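Beneath this line is the structure, given in structure tokens, with notes to follow.
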Amino acid sequence: MGHWLNMQAKLSTKGLTKKYGAVVALEPTDIEVKKGELLTLLGPSGSGKTTLLQMVAGLVQPSGGKILYDGKDGTHLPPGKRGIGMVFQSYALFPHMSVKDNVAYPMRMRKTLAGEIDREVDRALAMVQMQHLAQRMPRELSGGQQQRVALARCFVYRPEIILLDEPLGALDKNLREHMQMEIRRLHRELGGTFIYVTHDQDEALTLSDRICLMNEARVEQIGTPAEMYHTPKSRFAASFLGHSNLLTGNVHVDANGSPSLAWAGSCLPLPPGGATAHSATLMVRPESISLVSPESGFLRGRITEVVFHGSDLKVLVDIQGGQNIVVRAPSESPAARLNDTVGVRWSPARSVLLTQ
Amino acid sequence: MRGNLFSSAWTRLRPLLPGLPALGFLMIFFLLPVGEILVNSLKVGDGGWGFEHYERLAALPAYARVLGTTFAISLTVAALSIVIAYPMAFLLSHMSVRRRMRWTIWLMVPFWTSYLVKTFAWILLLSRTGALGQLATALSDGTFYLGLIPSLSGVLIGMVHALVPLAVITMLPIMQGISAQLSGAAQTLGAGRSGAFLTVFLPLSLPGVWAAGLLVFITTLGFFIVPALLGTPKETMIAQLIISVILETFNMPFAGALSAVLLIATVLVFIAYDRAVGLSSIGGMESSRSGSSRGASSGLLMRATIRMGALLDRMANRVPNAIGSWSGSVLTGYAALLALLLVLPTLIVVPISITNSAALTFPPQGFSLRWYEAFITSPIWQAALIRSLLVGLSTALIGVTMGLGAALMLTRLNGRVSNAVFSFLVAPLILPRIIVAVGLFYLLGRLGLVGTEAGLVIGHVVLALPYVVVTLAAALKRYDWRLEDAAMILGAGAFTRMRTVMLPLLAPSAAAAFLLAFLTSFDDLTIAIFVSGGLSTTLPKQMWDDMVLQVNPTLAAVSTSLLLLVTAAVFLLSSFRRDR
């Protein structure tokens, strides 16, 4: 609503595309990144997210299209002149320079005065809590510490756009979650525009202002994490972000004119809104489903698996002929016992009908 | 439109520019002279063309005999070197990196020690008045005289000793590339230790064995120092013949025909090798084809190998101790003995150099540094030493500059083209050196560069470039190109990136390449024998002249000095490697 009133996009691409011979790495793509937002490019490997990032960085030349920085065409600028900073997948710290020299490098390239370099380097290292290791060499640091130095080296010259290429991929789970919080904090404090490549949906949900979901060399959907989670536009989006039950069948309209989906021998109610397509998929998130008595469920089936997950239980209900519904029930739920016959139902408003 | 066309061609060509000096240099001073040998050998006296020189070659049984001897000796040396080197390479490939580094020094010192020094040491050991001869006489109260040279066995000892390090170094990368898990997998699948070795490790290591055999064989084809000094006339090899034809009869076309025969033989061996094994197995690249292992994995041979492995394992199981540690220590013992045999004989030059007497006797009589004094104060030796140092440094400087450009270019070419260019750049290392020398002698003669330092430097750069390219190309392969991307984004231009990122990171490899190029030049006799004429001799040339004329203790002093230099250089090289 009223997007046209907003300020100009910080970064936008117009029909940006990349081909390697006959292989299309990125279909013509238009995206807009707003000033100060953190946008993640999320997708499986080969979805084109890294290609897109590298073209924005100027490391890969596009086969077509334009990249606008603050509305100005910068498609053919050298990487150092695009006002960007980049954090690489395995950090790309210069192994022959100390932490301090690594962070000072971009300042020296900009011919900053010596006193100012020291001040800025200290500031950047302080932001990532690495001042005490300024004299160390990269090989003497742990993975997490190297990551912090890479971030400091990127922030130190205050680039307006910061590109992060799976920066946490090499870290273990706990450290990764800690660094995600750090990156959120840095994004808040620096106020820059971040573009963050990841294939980890949890990371994307945790970090993003908006998620750009990519698949098969094109953009599948762009939206806030909540939009992406609650109203996916395609089966791919529904299955890639979070767990979902995807029930595919034919849409019928009964005598009263109310539509339903025929699935596993039952008629499932559809969410409000027009159902136009003949064949469609109904998406229901596991946590939207409740276990009820067999008579009052939309579907009935037998519990074949109950997995304890701490805050809740994951319950597998075998509907018939091997069709499974995944349900998340509260831990203390008394209804879930193995081999019980149960009914499942949900509020139709919390389901999504997908036609793509 | 035209501008566009030009600029797109320019964008495509520009990354290749740094390699052009090296390519051009090798075209002119390697490809052209070697090609000329072939062409000139077909010229006959009256300006026409014909096979006259080859007919003369074929007509005289003496020449055929020399050719036969050359091939027979080369084959024997290759076979012996492989057999002796294999267990050592096997052991090294199973060591930790740090331990392997320590052991490799014991290979690198003899590898880089001049053939002249090694051969001189064997003269001191094996001649009738030499150390071993004296020892035998003393032990038998003067009833037994042992003189092992000149003889065929002397030649074989000298050559195998000289080339075992090359064989080990060539086999090692292939063996290191064999995953240790494979032998483990074979054992979980029911093979014993020997069975796993015979059915898995041995077939996988064969490309390395063939590569080592090939390189030793081809190096031996061009040998003249060892047969000239340790052999009888019966062991005359083709390189000796070529040298005497050129330097004594000045019959260049005939020498050309002889070289051409050697060249054609070499090329045929290469083609046969490429068919059977694939050239890529040289230099540690993984073999695209491994015909030999394909053979071993099918049918009868495989069954026989498995049977053999089972038999060996049953025998081994009778040995009461834990078989692993037992065979391991036997292997270590063998390798230690081999390392000693590679290093010790050469050390004979040390006691001889500090003897007081003018005769080369053993045990040394009295202590004196007079031979070192003779070496340092003699104007001839002085001039030779200074010339060798100057030529060596110039060679290293030019070689590393051109080689770095060539290595950079290799990284920017796509796989197939890059392989072809790489093969061309290392070709001077693989052809018998004598061929390069003869070809250059023609060319430099016409350019008036024979007898000049410039001529020597040109020849030595041809020989040194392969070492430089191999060293730097390997370093660039390990180089993390994302550092360039990072520097580019952080605002560094092309030149600044080179200065602040690439060169500092490549410095240890560039220093290693510099040292290798220097040693190649400092050690070379083959080019020097033709190109440094008259007064302008180099150190190896002066040593050679002295050795042919009359061995003397000054040579021992020179040899000891060279030995010290090489040892220092090898330790320096290994410290560069450790830095990385």
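Where the alpha-carbon atoms of chain A are placed on the principal axes, they occupy 79, 44, 41 Å, in descending order. Expressed as an acute angle from 0 to 90° and rounded to the nearest 10, what is the orientation of the C-alpha long axis of helix A:173-190 relative to the principal long axis of chain A? Taking Cα atoms only, the helix is inclined about 60 degrees. The helix-only estimate of mean residue ellipticity at 222 nm for chain A, built from DSSP H runs of length n ≥ 4 each weighted as -39500 (n - 2.57), is -7000 deg cm²/dmol after division by the residue total. Modelled spin labels at B:TRP481 and B:ALA72, positioned 7 Å past Cα toward Cβ, are 5.3 nm from each other.
For peptide A:102-108, how many partner chain Cβ atoms fall within 10 Å of a residue's Cβ, on average?
Details: counts 2, 0, 0, 7, 6, 2, 5.
Across A:102-108, the average partner-chain Cβ count within 10 Å equals 3.
Quick check: convex hull over the Cα atoms of the protein assembly as shown, volume per residue in Å³, rounded to an integer?
Details: hull volume 264.1 nm³, N = 936.
With only Cα atoms used, the protein assembly as shown gives 282 Å³ per residue.
Where does each of B:243-250, B:395-402 land if you order them by average Cβ count within 10 Å, highest first? Display every interim value, and only then the final one.
Values: B:243-250: 14.4, B:395-402: 23.5.
Highest to lowest by the protection proxy: B:395-402, B:243-250.
Provide B:ASP141, A:ASP101 in ascending order of the number of other Cβ atoms located within 10 Å of each residue's Cβ, fewest first. Working shown, then result.
Values: B:ASP141 7, A:ASP101 17.
So the ranking, lowest neighbour count to highest, is B:ASP141, A:ASP101.
Taking label positions 7 Å along the Cα-Cβ direction at both B:GLN382 and B:ASP274, the computed distance is 5.2 nm, reported to one decimal. Model label sites at B:VAL39 and A:ASP122, defined 7 Å from Cα along the beta-carbon direction, differ in position by 7.2 nm. In terms of its Cα atoms, the stretch B:409-469 spans 41, 20, 19 Å along the principal axes, sorted from long to short. Peptide A:47-60 has a mean shielding of 1, counted as Cβ atoms of other protein chains within 10 Å of each residue's Cβ.
Rounded to the nearest Å, what's the spacing between the alpha carbon centres of the stretch B:402-457 and the stretch A:165-238? Just the number, please. Centre-to-centre (Cα) distance: 54 Å.
Computed from Cα atoms, the angle from the helix A:114-127 axis to the main principal axis of chain A rounds to 20 degrees.
If you take each beta carbon of peptide B:493-505 and count the beta carbons of other chains within 10 angstrom, what is the mean?
2
Post the alpha-carbon centroid distance, the stretch B:336-355 to the stretch B:46-89, in whole angstrom. Taking the Cα centre of the stretch B:46-89 as reference, the centre of the stretch B:336-355 is 31 Å away.
If R0 is 22 Å, what FRET efficiency do you get for B:ILE28 and B:LEU247 from their C-beta distance, rounded to 0.05? List each step's numbers first, then the result.
Details: r = 25 Å, r/R0 = 1.12.
FRET efficiency, B:ILE28 to B:LEU247: 0.35.
Report the FRET efficiency, 1/(1 + (r/R0)^6), for A:GLN8 and A:ASP200, where r is their Cβ-Cβ distance and R0 is 25 Å, rounded to 0.05. The partial results should precede the final answer.
Values: r = 31 Å, r/R0 = 1.24.
According to the calculation, E is roughly 0.20.
Expressed as a fraction of 2.2 N^0.38 Å, the C-alpha radius of gyration for the stretch A:133-282 is 1.47. Relative to the dominant Cα principal axis of chain A, helix A:99-109 is inclined by about 70°. Applying D = kT/(6 pi eta Rh) to chain B, where Rh is the Kirkwood radius over alpha-carbon pairs, T corresponds to 20 °C and eta to 1.002 mPa s, the Stokes-Einstein value obtained is 83 µm²/s.
Laboratory data are not the source of any read-out in this text; all were calculated from the coordinates shown. As the structure is a prediction and not an experimental result, all values here were calculated from the model. A quick note on method: Cβ atoms are made from the backbone with ideal geometry, for glycine too, and the neighbour counts reach across all protein chains shown.
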